[in-house]
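Rule-based calculations on the coordinates, nothing more; no lab input. Because the structure is predicted, anything quoted here is derived from the model rather than measured.
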Amino acid sequence: MLKLNLIVISAIIFIIFGTIIEETAAGDCNGDRCGCYKGYCWAYVSGTRMRAGDWWCYTQRASIARKLSMWQECCSDSDCFWHRTCGNNVQYKGEEEEYRTVC
């Protein structure tokens, strides 16, 4: 009976954990507040204001903490993640026509 309970519990954990990994692997961007642009991931700079025309930046690859311009490559919005940091000190407005350097 104990073996059966362990098997059932293990199966439930595996299913839940597998679902979490699958959702994480799919990214959390759909083009509204972050997405893929010219083959690289982007995200709006401010989490409170997210409208077309707001400041945005290219985001870095996973596990890059410093601003090294090591941008996350993508083919679609779902390849990108909202929580990634900006890849350098440049923020853009519109389609890269207006930009600013921040510290």
With 0.36 nm assigned to each residue of separation and the Cα-Cα distance removed, E97 to S46 gains 16.5 nm
Here the stretch 70-75 yields Karplus 3J(HN,Hα) values (6.51, -1.76, 1.60; θ = phi - 60°; whole Hz; Gly and Pro given as x) of 9, 6, 6, 7, 8, 10
Rel. contact order, % - alpha carbon contacts under 8 angstrom, at least six apart, the stretch 29-101 | 34 percent
